[in-house]
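Right, one structure below, let's go through it.
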Ligand SMILES: N[C@@H](CCC(=O)N[C@@H](CS)C(=O)NCC(=O)O)C(=O)O
C-alpha cells in the first residue's frame, strides 16, 4: 500500500487530498515537523529533512507536488489527463511551486504562522502583492473554464489549490478575484478535500 510520511498539518495534506481524489488506499506514517524530519530513519527517505515523503513499492519520492503527479497518474483521466492537457497540468503545477508558493509563504509566515513579535509587515505586504499579481493571471484563466485546465478537476487544481490552502483558510482578501475565490471554494468542498481537511483539523 502507498505510504505517506508526514502529518496532515504539513504539506502532507496535499498528498492525502490527492490520494483521496485518486481513490488510492494509503497509510499515513506519522513524522512530525521539527524533530521527526531530522531522525536518521527519516533522512534515509528524504535527505532534505522534510515532509512529505511517499513510498510506493520500491519508489520513494519527496516533493509534495511531484508525489501528487505520481498518485494522479495511477488513477488516470480525468485526474491525470493525457496529451496536451497533461502538459497544461505540468505548467500549472510548476507555476504553483515557483510563482505562487513563495508569495503564499511570505504572506503566511508574516500574518499567522510566526508569533506576532517575529512577523514583518513589509514582507507580509510583499507576499500579498505577489499573490494578487498571480490571482490576476488565474482570474483570467478561470474566465473560460470551471477548473484550471478544463471543465474537469485535475491534479493541477489539487496542486494549485493546496498551495493556496493557507491563504484561503486564513481569510486572505480574495475580493478582487471572485472567480479564484469561487474555484477555491469548489475545490475545498470536494468530498476528497473534506476528508483531508478533517484529518488536518484533527492533527
Ligand atoms: N518543496 C517541499 C517543501 C517541504 C517542506 O518544506 N515541508 C515542511 C513541512 S510543510 C518541512 O518538512 N519542514 C521541516 C520541518 O518542519 O522539520 C515540498 O513541497 O514537499
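Would you mind computing Rg(Cα) / (2.2 N^0.38 Å) for the chain, counting N as its residues?
1.01
Output the relative contact order of the chain, whole-number percent, from Cα pairs under 8 angstrom with separation of 6+ residues.
24
To the nearest 0.05, what FRET efficiency results for residue 173 and residue 77 with a Förster distance of 22 Å applied to their C-beta separation?
Efficiency, rounded to the nearest 0.05: 0.05.
Please state, rounded to one decimal and in Å, the Kirkwood hydrodynamic radius that segment 84-190 gives when every pair of distinct Cα atoms enters the mean of 1/r. Please report the intermediate quantities before stating the final value.
Values: mean 1/r = 0.0712 Å⁻¹.
Over segment 84-190, the inverse of the mean reciprocal pair distance is 14.1 Å.
In a GNM of the chain with a 10 Å cut-off on Cα contacts, which of 146, 169, 80 has the highest mean-square fluctuation?
Fluctuation is largest for 169.
How big is the antiparallel share of DSSP beta bridges in the chain, given as a percent to the nearest 5?
Beta bridges within the chain, antiparallel portion: roughly 60 percent.
Run the numbers on segment 92-203 and let me know its relative contact order in percent, using alpha-carbon pairs under 8 Å that are six or more apart.
Normalised by residue count, the contact order of segment 92-203 is 27 percent.
Can you figure out the FRET efficiency of residue 48 with residue 90, using R₀ = 30 Å and their beta-carbon distance, to the nearest 0.05?
E between residue 48 and residue 90, to the nearest 0.05, is 0.85.
When the chain is modelled as a GNM with alpha-carbon springs shorter than 10 Å, which of 45, 137, 163 fluctuates the most?
137
Sort 85, 136, 157 by Cβ crowding within 10 Å, fewest neighbours at the top.
Details: 85 17, 136 12, 157 25.
Least crowded to most crowded, the residues run 136, 85, 157.
If I take R0 = 35 Å and measure r between the Cβ atoms of residue 136 and residue 41 in this structure, what FRET efficiency does the formula 1/(1 + (r/R0)^6) give, to the nearest 0.05?
0.20
How far apart, in nanometres, would the label points at residue 186 and residue 125 be if each is projected 7 angstrom from Cα along the Cα-to-Cβ direction?
About 3.5 nm separates the two model spin labels.
Say we join alpha carbon atoms closer than 10 Å with springs in a Gaussian network model of the chain; which of 179, 38, 50 then has the biggest fluctuation?
The residue with the greatest mean-square fluctuation here is 38.
Any read-out appearing in this document is the output of simple, stated calculations on the displayed coordinates, not a laboratory observation. Please read all numbers here as calculations on a predicted model, not as lab measurements. Every residue, glycine among them, receives a Cβ derived from its backbone with ideal geometry; neighbour counts consider all protein chains shown.
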